[in-house]
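What follows is calculated from the coordinates using simple rules that are stated; it is not laboratory data. Everything quoted here is computed from the prediction, not taken from an experiment. Neighbour counts run over all protein chains shown; Cβ positions are idealised from the backbone, glycine included.
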Amino acid sequence: MSIRSVRSLSRALKPGLDARHIRPPPARYGGRHTVTLIPGDGIGPELVSHVSELFRFCCVPVDFEVVAVDSTMDSEDDINNAIMAIRRNGVALKGNIETNHNLPPSFKSRNNLLRTTLDLYANVMHCRSVPGVRTRHKNIDIMIIRENTEGEYSSLEHENVPGVVECLKIITRTKSLRIADFAFRTAREKGRSRVTAVHKANIMKLADGLFLECCKEVASGYPEINFDSMIVDNTTMQLVSRPQQFDVMVMPNLYGNVVSNVCAGLVGGPGLVPGANFGEDYAVFETGTRNTGKSIANRNTANPTAMLLASCLLLDHLKLHAYASMIRRAILSTVTETGLHTADLGGRGSTSEVVQSIMNAIQSTGPLTLKT
Amino acid sequence: MSSNVWRSMLSPVIRAVKRSSSSFSRGIQTVTLIPGDGIGPEISCAVMKIFEAAKAPIAWEERNVTAIKGPGGKWMIPPDAKESMDRNKIGLKGPLKTPIAAGHPSMNLLLRKTFDLYANVRPCVSIEGYKTPYTDVNLVTIRENTEGEYSGIEHVIVDGVVQSIKLITEDASRRIAEYAFEYARNNQRNSVTAVHKANIMRMSDGLFLRKCREVAENFKDIKFTEMYLDTVCLNMVQDPTQFDVLVMPNLYGDILSDLCAGLIGGLGVTPSGNIGANGVAIFESVHGTAPDIAGLDMANPTALLLSAVMMLRHMGLHAHGQKIQTACFDTIRDKKVLTKDLGGNSKCSEFTAEICRRVQDLE
């Protein structure tokens, strides 16, 4: 039964598709792509405006359709408009939308709504040590693949008896198989040798047990990749003492939240790591740790690296690899220069200085820039 | 008139003396010792030796807690162990083997249920001499230990869909919040941070947060903040010095307390205490049984020793606790006699003897 389910899954995802098995949206209107842009709250709007600025400077054939989502509004019209725009364009770049956790449970987290409605089942975060950024650990290269739609984030809660609240964590076989397959496929394509499943099946025997079982089933179809598993508390302990031992990690939603934030912290903080959310038909790119950054909003001190690297992932997804590599090279050369580090990396540079330096780096390397 | 005044002045003094007299009746306090499995017996022996060298007024009562099937088919701990614990109220426990498929639940779980150990306290302090990438860590994680995600309530809805229930109750949340603030006050800590994910789990973590806020009202001298779990994780690995006391529900507590243990050097050097209702407190080492080095005199007793020091502090025997802790830290800082996991190649008995020697020197 297990091998059959794996085979049927891979048959459903037809061969001949690209690395992430997502069909990129066709270019329209004379070779220019349209991408939905959701500014979000906090530092989101300024960061995405830098992305537009940079794209315009580099003459990237991408037009942004901006959809604002007001997190304070009671009705869900805003987020539904955003979802419709993403369905139309197939790809989006977004800032984090604030969720006021003091509001009643009927007000759902907008980010979560977006992810579950569009079925963006895989969240991928690639944490790599960046030369030039001072961290306690070196040579980290971990790819975190996190199930993005179910698990603890199902938002199913009820209070049967006053004072006793139950929150349901849902794990299903189909979604677990799907994310495990995504993880192994990605590992194979990127030439990674080991996949570690993170779980707590010693305590949550049925739920995480099912997840682990699905991972094992899928692993049997990828014999060249080593598969092992680790309990989540041991994982966090190992991450802070010896993070170099990890390669690709796959896990359910909540553990993914914890592990991805720990790894982001290990390589230098929330300002450096981009994140990508993939579904069957849609892809949404954002910063890896999804911070709103309310306290540093509009002060020109936020680190634009994460959002700019996310935009490079976007360009790769649209098969505009030349632009993606050009911008990525410029970003990495700027970040290694410690003089331009923003406050989160311990420096005193401003966001606009960093973006300007990236633009200068691009201008000196390639012909594809706007003459200013 | 004056006799009334005297009585009202004396009554708090008498009350305090009565409180402390229970621990000093006959001078020696009896503590239930559960050696455990694997390296458990060796390290328990080491701790007993060190306590003897420090002349701590502790008498040990050894008990075994392997689960037995009681009347009615329910698994329970042996009645003599339970009776001893109820009498002594304080226990020290070594590592227990959790069998994967033995039919009975994990022993730790059984102990927790039997004595209603609702709070797990893990102070994480960087050990001078045991170098990790993180220095100056000084925080305490207080984890709710009875409910939350570990309620063990799971169902298969249909084939291929499993639900696991996370339970948060008002009483348990209030109890743990009260314990956290009292701990902060008694140990001169400045702030308590509640860790939650109320943006996603609005009702459950929202309830936990509300209770923490309510309790914070009664402890105005302690600063109270709330932080998302992912933000705590992110900041913890970048700058752990910004945290003081952290209070949280079960799962987050499990992950974060192990994360903090990793910051200071792992489970081999981390103490831990479980506080229960009715004044019961069991202090334990949280590492595994290490069956591969059991019986080879290679084990590191530091975790159990530091937990025993926590126990002494809990009982009010601060002087003895400080003496033993200083001896232990001095030995590690000196680096001359260290067990293998700390980077040396001495035996457990040599390490123990060195600490005993230092304790006696500190007299």
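Using a/c under 1.5 as the rounded threshold, could you call region B:253-361 rounded, prolate or oblate? The axes a ≥ b ≥ c are square roots of the C-alpha gyration tensor eigenvalues, and prolate needs a/b larger than b/c, oblate otherwise. Judged from the Cα gyration tensor, region B:253-361 comes out oblate (a/c at least 1.5, b/c at or above a/b).
Partnerless cysteines in chain B, where a partner means another cysteine C-beta under 4.7 angstrom, comprise B:45, B:212, B:233, B:328, B:348, B:356. About the centre of its Cα atoms, region A:231-339 shows a dipole size close to 340 debye [charges on the beta carbon of Lys, Arg (+1) and Asp, Glu (-1) only; nearest 20 debye]. I need the Debye-formula profile for the protein assembly as shown: one equal scatterer per C-alpha, no solvent, reported as log10 I(q)/I(0) at q = 0.05, 0.09, 0.10 1/Å, two decimals. Treating every Cα as an identical point scatterer, log10 I(q)/I(0) equals -0.28, -0.86, -1.04.
Basic side chains Lys and Arg get +1 at the Cβ, acidic Asp and Glu get -1 at the Cβ, and with that the dipole of region B:106-190 about its Cα centre reaches some 300 debye. Using a cut-off of 23 Å between Cα atoms, the listed pairs B:49/B:336; A:108/A:319; A:200/B:340; B:55/B:336; B:49/B:347; B:49/B:82 include A:108/A:319; A:200/B:340; B:55/B:336; B:49/B:82 as exceeding that distance. Per-residue Karplus couplings for region B:236-241, computed as 6.51 cos²θ - 1.76 cosθ + 1.60 with θ equal to phi - 60°, are listed in order as 4, 7, 8, 8, x, 6 Hz, Gly and Pro entered as x.
Only beta bridges with both residues in region B:28-139 are counted; by DSSP, about 35 percent of them are antiparallel.
Which of rounded, prolate or oblate describes region A:46-167 when judged by the alpha-carbon gyration tensor and an a/c cut-off of 1.5? Oblate. Across chain B, the convex hull enclosing all Cα atoms gives 183 Å³ per residue.
Mind scanning A:138/B:131; A:138/B:197; A:205/B:131; A:216/B:166; B:74/B:197 and naming the pairs with a C-alpha gap bigger than 28 Å? Result: A:138/B:197; A:205/B:131; B:74/B:197 exceed 28 Å.
Within straight-line reach of residue A:294, meaning a Cα separation under 13 Å, sit the following aspartates and glutamates at least 8 residues removed in sequence or on another chain: A:41, A:46, A:98. Would you list which aspartates and glutamates come within 19 Å of residue B:69, measuring only between C-alpha atoms, while excluding same-chain residues fewer than 8 positions from it? By straight Cα distance, residue B:69 reaches B:80, B:83.
For region A:191-266, relative contact order (Cα pairs under 8 Å, six or more residues apart, normalised by length) works out to 45 percent. Ordering B:77, B:118, B:30 by Cα displacement along the dipole of region B:30-121 toward the positive end leaves B:118 in first place; charges were set at the Cβ atoms of Lys, Arg (+1) and Asp, Glu (-1).
Quick check: from the Cα gyration tensor, does region A:56-123 come out rounded (a/c under 1.5), prolate or oblate?
Because a/c hits 1.5 or more and a/b exceeds b/c, region A:56-123 counts as prolate.
If only the Cβ of Lys and Arg carry +1 and only the Cβ of Asp and Glu carry -1, the dipole of region B:217-300 around its Cα centre is close to 140 debye. Comparing A:145, A:170, A:358 in a Gaussian network model of chain A where C-alpha atoms under 10 Å apart are linked, the largest mean-square fluctuation is found at A:170.
Distance from the C-alpha centroid of region A:277-355 to that of region B:182-207: 33 Å, rounded to the whole angstrom.
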